[in-house]
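The values are calculated or read from the model by the stated rules, or taken from the named source; none is laboratory data. Treat the numbers as computed from the prediction; the structure is a model and nothing was measured. Neighbour counts are summed over all protein chains in view; Cβ atoms, including those assigned to glycine, are modelled from backbone coordinates with ideal geometry. The accessibility values were calculated without ligands, DNA or RNA, using every heavy atom of the protein model including side chains. Shrake-Rupley method; radii C 1.70, N 1.55, O 1.52, S 1.80 Å.
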Amino acid sequence: MKFSQIKTFALAALGIKSLDATALTAEQKETLTGAYGEPFTTKFEAALSESDPETKSTELHAAMKAFFAPQAEQATADITAQLEALQAENTRLTAESATNRQTIATLLETPEDLPASEGTQEPGKPKGNKTFKIAANASHYVAALSLVGAATMQPAAGTTMDVSAVRQEFGTYLSSDGNNTEIIKQLFGGFTSAQYFKSVPAVTEYRAIQSQINSVVQQFTNKWTPKGQTKFTPLLIVNRRHKINVPIVPSEVLDSYLFKLYDESLTPSQMPITKYIWEELIYPQILEDIEYRMIFKGKYVENLDPNQPTDPEESMDGLETILVEQKALGAAAKVNFTDLTINWNTADDAAVMAFFEGFVDKLKPLYKNKVMNLYCAPEILTKYERAYKKIWGTNSGQSGNFGTRKIDFSNVTVVALDGMTGSPIVFSTVDNNMVKLRHKNEAPNVINQVFEQPYEVQLIGEFWLAVGFRIAEAVFAYVPNGYDPQASLKPSNQFPDGTTPAVDAGSGSGAGGV
């Protein structure tokens, strides 16, 4: 590969079109290291100062190949494993087909008054449900298979789970049928506010490459009189790495798992215990942590004791925290803060309506005709809708788009975000200015390790996520003085019923597991 081609790859990773300098900035080094590795970055910077950098192309190419070699080897290993699994499954199906043909032949020659079969049989699987090969002899599946077809639901009656079988099944479940890819899609698109964020790739941080420009048209003269300046204030968004360390005590999950099978008429092969643990226990809680504790109310706090767990909200800065910190900058803030004030607890209907109308009236002229959303807490949207109905009713005598969530005589629509519940903040911005970061070199496995311990299975995983605004000047906000986004958060170890493990439980899933 020629040096010019290698340089093209490097420039693409840096997000620039040209590089005239013979040395890289610290930020450029960090970006290239994330994309192609430290050896490549060192050699590339050295080549920039060479009179004939083409002489370094061979070793640069070798450094690139060495960086991607582990990924290529892993991909080859994964494909080999999948082929072996498919061959084994094909062999099983061939044998099963021969057995089925023999069974059909036997049935055709047998009288109709055959005695009823003994033992429990799995019912036919519903259309559209994927099946999963389970270890049917594991103690928990013996209990599950005994349940299938029963007239009434019975608890597990002392039956426990085969922890070793659960651990092995996790590995199989996570690596089959693209489940890991689906899990990543679920995490980044599953929380309820995800649709309002634009997803962008990053490594350790992100700065927008986008500008604003003022007027460029002027009266003609035959002289060069330049007009039109650009400016932008890209807000730095630091990408954050998060981890999942969850102990599962399978014996405490068994009864709820059996009820799931019974209520939805599923067989264990359609709903293996590992799929149940992920879809019903872990995944919903991850989404709740992301929505209600991280992307809006989070405030990053460096963990000084790696042996202690941290709260979800301490792992990243959320949008509310970003706005509060911008507000604290006073005149130096680039975000547009309104001078309107309101107490949502005491404001009457007229004051609520006046606030929303005044907010859109104070948008800068450049944004007044843009279609935008105005984001707020669900309870504030309710106040707006009730105030509108009480003041204007359903028949105001006006024609057009009135009485909806779109503020009258504007292009701004009020949108409630679940993660802003309890917040007095109101903000508006243009489409694609709210972003969520994903690591562009992120490993495809969210859950990447499964360990077996006495009586429990330990799940270990990780993912990258951060949120923020691209351009400060495109954000308009109301943030009351003294507001703390985290003040209303309940303890992260509190269960939905208000109890906490330290007081109400002593061990097992109730004391730190799911």
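Summary of values
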quantity	calculated
Selection from segment 340-375 of residues that are under 17 Å from residue 472 (Cα atoms) and not hydroxyl-bearing (Ser, Thr, Tyr)	362, 363, 364, 365, 366, 368, 370, 372, 373, 374
Meets criteria (at pLDDT below 85 and open to solvent by 10 Å² or more (accessible area, probe 1.4 Å)) for residue 432	no
Residue that is most open to solvent (accessible area, probe 1.4 Å) [pool: residues in segment 334-348 that are closer than 22 Å to residue 486 by Cβ and without any contact (Cβ under 8 Å) to a residue 24 or more places away in the chain]	345
Candidate set from segment 449-496 (those that are open to solvent by less than 10 Å² (accessible area, probe 1.4 Å), within 21 Å of the chain's Cα centre (by Cα) and aliphatic (A, V, I, L, M)); member that is farthest from residue 438 (Cα to Cα)	459
Enumeration of residues in segment 8-47 that are assigned to a helix (DSSP H, G or I), at pLDDT below 80, open to solvent by 50 Å² or more (accessible area, probe 1.4 Å) and over 16 Å from residue 207 (Cα atoms)	9
First in segment 1-25 and β-branched (Val, Ile, Thr), second anywhere and surrounded by 11 or more Cβ atoms within 10 Å (Cβ to Cβ) and outside any loop (DSSP other than H, G, I, E, B), Cβ under 7 Å, 6 or more apart	6/57; 6/60; 6/61; 22/48
Filter result for residue 257 (surrounded by fewer than 21 Cβ atoms within 10 Å (Cβ to Cβ) and among the aromatic types (Phe, Trp, Tyr))	no
Flag for residue 320 being free of Cβ contacts under 8 Å to residues at least 40 places away in the same chain and either of a type in the set (Asp, Glu) or touching an Asp or Glu at 6+ places or on another chain (Cβ under 7 Å) (or both)	no
So residue 240, is it at negative phi, of a type in the set (D, E, K, R) and modelled with pLDDT under 75	no
Residue check for residue 273: modelled with pLDDT under 90 and in contact with a strand residue (DSSP E or B) (Cβ under 6 Å, 6 or more places away or on another chain)	no
Residue check for residue 291: under 30 Å from residue 474 (Cβ atoms) and assigned to a helix (DSSP H, G or I)	yes
Per-region count, segment 361-378, residues among the hydrophobic types (A, V, I, L, M, F, W, C) and either within 11 Å of residue 340 (Cβ to Cβ) or assigned to a strand (DSSP E or B) (or both)	3
Test: residue 452 is modelled with pLDDT of 75 or more and touching a strand residue (DSSP E or B) at 6+ places or on another chain (Cβ under 9 Å)	no
Residue 351 vs. criteria surrounded by fewer than 19 Cβ atoms within 10 Å (Cβ to Cβ), in a helix (DSSP H, G or I) and modelled with pLDDT under 95	no
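So that you can scan it fast, the table gives a plain yes or no per residue for (1) over 30 Å from residue 416 (Cβ atoms); (2) among the basic types (Lys, Arg); (3) modelled with pLDDT of 90 or more:
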{"site": "245", "(1), (2), (3)": "yes, no, no"}
{"site": "259", "(1), (2), (3)": "yes, no, no"}
{"site": "265", "(1), (2), (3)": "yes, no, no"}
{"site": "283", "(1), (2), (3)": "no, no, no"}
{"site": "303", "(1), (2), (3)": "yes, no, no"}
{"site": "310", "(1), (2), (3)": "no, no, no"}
{"site": "317", "(1), (2), (3)": "no, no, yes"}
{"site": "320", "(1), (2), (3)": "no, no, yes"}
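The rows are residues; the columns are (1) small (Gly, Ala, Ser); (2) farther than 24 Å from residue 436 by Cβ; (3) in contact with a Ser or Thr (Cβ under 6 Å, 6 or more places away or on another chain).
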residue: 276; (1), (2), (3): no, yes, no
residue: 279; (1), (2), (3): no, no, no
residue: 288; (1), (2), (3): no, no, no
residue: 318; (1), (2), (3): yes, no, no
residue: 322; (1), (2), (3): no, no, no
residue: 350; (1), (2), (3): yes, yes, no
residue: 362; (1), (2), (3): no, yes, yes
